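Heads up, the thing below is written out as structure tokens.
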Amino acid sequence: MKAYPWRYSLALLGLVLLFNAIFTPGFLAIEIRDGRLFGSLIDIFNRATPAALLALGMALVIATAGVDLSVGAIMAISGAVAAGLVVQPPDFLLHGMGVQPVAVAMSLAVLAGAVCGLFNGVLIGFFRIQPVVATLLLMIAGRGVAQLLTNGQIITVPGDDFAALAIGTTLGLPNPIWILAAMALFFGALTRLTAFGLFVEASGDNPTAAHYVGINGKSLRLAVYTLSGLCAGVAGIIAASNIKAADANNAGLYLELDAILAVAVGGTAMTGGKFSLVGALIGAVLMQAVTTTILTRGIGTEVTLIIKALVVVAVCLLQSPSFHETLRRRRTA
Amino acid sequence: MASLLRMSGIVKSFPGVKALQGVDFEVQAGQVHALMGENGAGKSTLLKVLTGVYAADAGEIEFEGAAIRPRSPQEATALGISAVYQELSLAPNLSIAENIVIGREPMGPLGIRWSAVRERARGALSRLGLELDVDRPVGSCSPAIQHLTAIARALDVDARLLVLDEPTASLDGDEVDALFEVVGRLKEQGLGIVYVTHFLDEVYRIADQVTVLRNGTLVATDTPVAMPRRALVANMIGREAPPEDAAVARSQGPQGAPLMEAQDLGKRQSVGDINFKLHSGEVLGLAGLLGSGRTETLRLLFGVDRPNSGSLHVHGGAPTLTPRRAMNLGVGMLAEERKTDGIFPNLSVRDNMMIVAQVKRGWLARLPRSAYAQADGKKEELRIATPDLDRPIAGLSGGNQQKALLARWLIAQPQVLLLDEPTRGIDVGAKFEIFGLVERLREQGMAFVLVSSELSEIVHSSTKVAILRDRRMVGDAPEITEEAIMSQIAEGGE
């Protein structure tokens with residue numbers, strides 16, 4: 001029997017959904033309007049996508065015993081790049097290429113996110129700067145870069161092309177859910193069909209031993225922070241597309257913390273080693289489910305953060321072996 | 001005389017394993033009681049029950065005439081039972097004094113009274129007959145001093161029973177003598193001492209009583225005089241021990257071109273003058289005292305450290321080695337420090353065994369499931385005791401971890417394997433198995449460089465022996481006997 005590290009968060013997610021199913025009329029109902037699915041469940045998944053995307057990259061970073069605090073800021077950069085390129089397209093976007101300028105702009109924005117991640121990776125992998133410090137740099141400076149790109153203004157993007165990414169649907173489901181599914185499959189394949197995941201876990205579990213068996217910790221760190229930046233880039237364009245604007249100050253604000261919590265709640269230890277992508281996704285959805293529940297129940301939004309914190313504490317306690325040991329001893333004593 | 005400690009009928013089970021099946025164990029005041037057994041025999045479990053890490057499923061513990069049931073190491077310590085474990089739990093950046101009184105600092109109105117801290121630390125050390133600079137950070141001291149510091153800490157709580165778990169594993173000869181002097185002193189002070197070791201010599205040097213466990217049951221308990229060496233080994237492994245002096249056949253000479261050749265290889269402030277040729281089917285023993293540069297030599301050969309003088313040829317080429325390149329050239333290295341340089345504690349035993357083969361293939365080409373089945377074969381071959389290879393390796397005993405690490409390299413099929421203290425902290429039966437395996441693989445054409453602080457192991461397995469002294473290789477031993485090697489270590493090569 002395999003003990004999945006995310007069993008408690010999945011159980012808690014089930015409880016939250018069950019609670020809603022009983023007390024919120026029509027919570028589980030999904031209806032089709034204009035060829036598109038509507039319902040609270042769809043809404044939870046849709047709204048969870050930015051944090052869930054960040055959590056995918058964050059899970060790998062945390063597995064190397066690191067952390068990436070800059071992903072929120074990278075989202076702002078990515079959004080600013082995408083909106084900026086669409087509003088004031090440079091020549092190469094206007095002439096030729098035969099591609100949708102919006103698609104090119106968004107791809108470049110994702111690339112910008114990956115480059116930011118690469119920058120983190122170089123600082124951490126090659127210059128051995130501690131992850132908290134290195135990514136704190138970009139967490140702060142990144143918003144500055146985004147403000148430079150937007151000249152300190154909120155760039156609004158007219159037209160529907162830009163908004164289609166976040167607001168549009170494919171086969172009835174909102175596009176962000178498809179994007180998340182694609183990224184999750186890509187990360188799953190990358191980490192489990194190749195040995196990349198094993199090397200990440202080994203390197204996080206015991207870096208010295210990893211060196212002794214020939215695992216290149218530098219390139220590995222470079223890769224995970226770049227992947228984390230890539231995730232943030234994708235999350236950034238979704239967030240910008242959602243509000244049809246690039247907001248350098250508020251895009252992805254504090255979302256890095258949500259991502260870290262999602263990873264922790266999903267059963268990945270902050271000390272590095274084993275990680276669970278499924279757990280990270282469940283963690284992100286759980287967080288959003290709690291938020292949505294509070295909103296639909298009409299409980300004041302001022303208690304949202306406190307209830308979220310209680311949920312995190314509950315899951316972490318359930319995951320803690322020493323907590324179980326204490327309970328066991330209480331019972332036997 | 002009433003016993004200081006009387007454990008009777010101790011039972012402890014873990015999922016899938018009956019670790020202790022009704023074990024009795026008694027220690028008298030002023031007695032050094034050696035607790036012996038193979039890996040997984042139940043020694044550690046028994047000690048953990050005694051020190052409150054585990055609760056026994058059944059059985060009684062009586063200490064100084066009163067029934068006790070410690071529920072944590074703190075409780076056991078408060079009762080007067082202290083333990084010093086093989087893997088020391090000291091804070092390397094704190095001073096000796098701080099380490100000794102940590103958690104029990106004498107407090108004054110203005111916080112910790114540092115003068116009293118030093119005073120107490122000196123007092124605890126003087127019980128061991130030691131005078132040290134107590135302000136020195138523990139991390140900068142030799143392993144022996146670190147061990148004695150840990151013992152001083154254990155004594156600082158007014159212990160009446162002291163558990164020493166393989167205290168000499170990282171000490172060299174003089175340091176062992178110093179430790180034994182301390183043990184003798186404590187014995188005179190009336191402490192009961194439980195002594196766990198894998199070195200048979202030590203049993204006959206200091207133990208007053210020997211108890212042998214096997215597979216979670218008590219096999220024998222007697223005085224060392226009544227249990228001579230062969231009987232002790234037979235009790236531990238449950239079968240007749242192979243003759244200890246069966247040295248390998250060394251008739252065949254070097255065959256073909258050398259697999260590995262070092263010329264004046266060295267690294268500043270590390271080790272120098274390394275010269276040797278290693279052919280297929282040879283075992284080169286590196287003999288020397290602790291600190292003579294044995295491990296440093298292996299680090300150069302495996303590319304962990306970069307040499308800055310001389311040359312190293314592997315298969316005729318002279319590459320700049322990294323561990324990865326060395327592996328691709330068919331070189332492997334079993335590192336000495338199992339915990340810090342070897343295992344991935346939270347990964348499964350299977351992943352730990354397969355990782356080298358996987359790294360050799362590269363990250364893109366994941367080993368197929370069928371390849372992972374090799375781990376099961378190696379588990380049988382090396383008799384790794386675990387019910388499930390898919391559980392974290394941290395749950396295995398030290399000796400089984402070591403076997404899994406050896407399996408890691410064997411699965412990758414290197415041509416040259418560097419072994420740094422391959423038998424450290426493992427029991428007699430496993431030692432025989434490992435050296436039997438080395439012998440078989442050598443006959444099949446593998447080559448080894450063997451580092452061991454036990455001369456008998458070097459003599460038993462090597463086809464030639466190089467001597468290291470003061471971080472230099474001073475030449476080959478003229479003949480492979482303990483006397484010849486010892487005299488060479490002491491004065492040869494001048």
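The values are calculated or read from the model by the stated rules, or taken from the named source; none is laboratory data. What you see is a predicted model, and the numbers here were worked out from it, not measured in a lab. Glycine also receives a Cβ, built like all others from the backbone with ideal geometry; neighbour counts cover every protein chain displayed.
The set of residues in the range B:165-198 being at pLDDT below 90 and among the hydroxyl-bearing types (S, T, Y) consists of B:T168, B:S170, B:T197.
Of the residues making up the range B:136-164, just one is closer than 16 Å to B:P92 by Cβ, assigned to a loop (DSSP other than H, G, I, E, B) and modelled with pLDDT of 85 or more, namely B:R136.
Pull up the range B:179-196, narrow it to residues that are of a type outside the set (D, E) and surrounded by fewer than 17 Cβ atoms within 10 Å (Cβ to Cβ), then point me to the one that is nearest to the chain's Cα centre (by Cα).
Start the filter on the range B:179-196 by keeping residues that are of a type outside the set (D, E), which leaves B:179-180, B:182-187, B:189-196.
Now drop any that are not surrounded by fewer than 17 Cβ atoms within 10 Å (Cβ to Cβ), which leaves B:180, B:184-185, B:189-190.
Numbers: B:F180: 18, B:G184: 23, B:R185: 25, B:Q189: 29, B:G190: 29 Å.
So, considering only residues that are of a type outside the set (D, E) and surrounded by fewer than 17 Cβ atoms within 10 Å (Cβ to Cβ), the one nearest to the chain's Cα centre (by Cα) is B:F180.
The criterion of at least 3 residues that are out of contact with any Cys (no Cβ under 9 Å at 6 or more places or on another chain), away from chain B (no Cβ under 14 Å) and under 30 Å from A:V200 (Cβ atoms) is met by the following helices (runs of 4 or more DSSP H) wholly inside the range A:270-332: A:277-296, A:304-319.
Scanning the range A:19-41 for residues that are modelled with pLDDT of 85 or more, of a type in the set (A, V, I, L, M, F, W, C) and within 14 Å of A:T296 (Cα to Cα), we see that the one that is surrounded by the fewest Cβ atoms within 10 Å (Cβ to Cβ) is A:I22. A:R143 meets each of the listed conditions (1) in a helix (DSSP H, G or I); (2) surrounded by fewer than 19 Cβ atoms within 10 Å (Cβ to Cβ); (3) of a type in the set (K, R) apart from (2). For the range A:244-252, the criterion of being at pLDDT below 95, in a helix (DSSP H, G or I) and out of contact with any strand residue (DSSP E or B) (no Cβ under 8 Å at 6 or more places or on another chain) is met by none of the residues. When residues in the range A:62-74 are screened for being in a helix (DSSP H, G or I) and within 12 Å of the chain's Cα centre (by Cα), 3 of them pass. Give me the residue from the range B:342-361 that is without any contact (Cβ under 8 Å) to a residue 12 or more places away in the chain and buried (at least 20 other Cβ atoms within 10 Å of the Cβ) and, out of that set, nearest to A:A65 (Cα to Cα). Checked the range B:342-361; the qualifying residue nearest to A:A65 (Cα to Cα) is B:D351. Of the residues screened, A:A51 is one that is part of a helix (DSSP H, G or I) and either basic (K, R) or under 21 Å from A:D247 (Cβ atoms) (or both).
For the range B:306-325, the set of residues classified as more than 8 Å from every other protein chain (Cβ to nearest Cβ), in contact with a strand residue (DSSP E or B) (Cβ under 8 Å, 6 or more places away or on another chain), free of Cβ contacts under 8 Å to residues at least 40 places away in the same chain and closer than 17 Å to B:S270 by Cβ consists of B:R306, B:L321, listed by residue number. For the range B:329-371, the set of residues classified as of a type in the set (S, T, N, Q) and more than 8 Å from chain A (Cβ to nearest Cβ) consists of B:S348, B:N352, B:S370, listed by residue number. Determine if the range B:362-369 includes at least one residue that is part of a loop (DSSP other than H, G, I, E, B), within 23 Å of A:A269 (Cβ to Cβ) and either in contact (Cβ under 8 Å) with a residue 60 or more places away in the chain or more than 23 Å from the chain's Cα centre (by Cα) (or both). The answer is yes, given that some residue of the range B:362-369 is part of a loop (DSSP other than H, G, I, E, B), within 23 Å of A:A269 (Cβ to Cβ) and either in contact (Cβ under 8 Å) with a residue 60 or more places away in the chain or more than 23 Å from the chain's Cα centre (by Cα) (or both). Taken together, B:A447, B:A484 contain a single residue that is free of Cβ contacts under 8 Å to residues at least 60 places away in the same chain and over 9 Å from B:A287 (Cα atoms), which is B:A484.
Residues in the range B:268-305 that are within 14 Å of chain A (Cβ to nearest Cβ), part of a loop (DSSP other than H, G, I, E, B) and in contact with a strand residue (DSSP E or B) (Cβ under 7 Å, 6 or more places away or on another chain) were compared, and the one that is farthest from B:E482 (Cα to Cα) is B:D305. Taken over the range A:191-232, the criterion of being facing chain B (nearest Cβ under 8 Å), part of a helix (DSSP H, G or I), crowded, with 22+ Cβ neighbours inside 10 Å and of a type in the set (A, V, I, L, M, F, W, C) is satisfied by A:L198, A:F199, A:A202, A:A209, A:A210. Contact map, the range B:20-44: residues that are closer than 23 Å to B:V183 by Cβ paired with residues that are assigned to a loop (DSSP other than H, G, I, E, B) and among the hydrophobic types (A, V, I, L, M, F, W, C), Cβ distance under 6 Å, separation 6+ or inter-chain. Pairs shown: B:V27/B:L4; B:Q28/B:L4; B:A29/B:L4; B:V32/B:A207; B:A34/B:A207.
Scanning the range B:130-137 turns up one or more residues that are touching a strand residue (DSSP E or B) at 6+ places or on another chain (Cβ under 9 Å) and buried (at least 17 other Cβ atoms within 10 Å of the Cβ).
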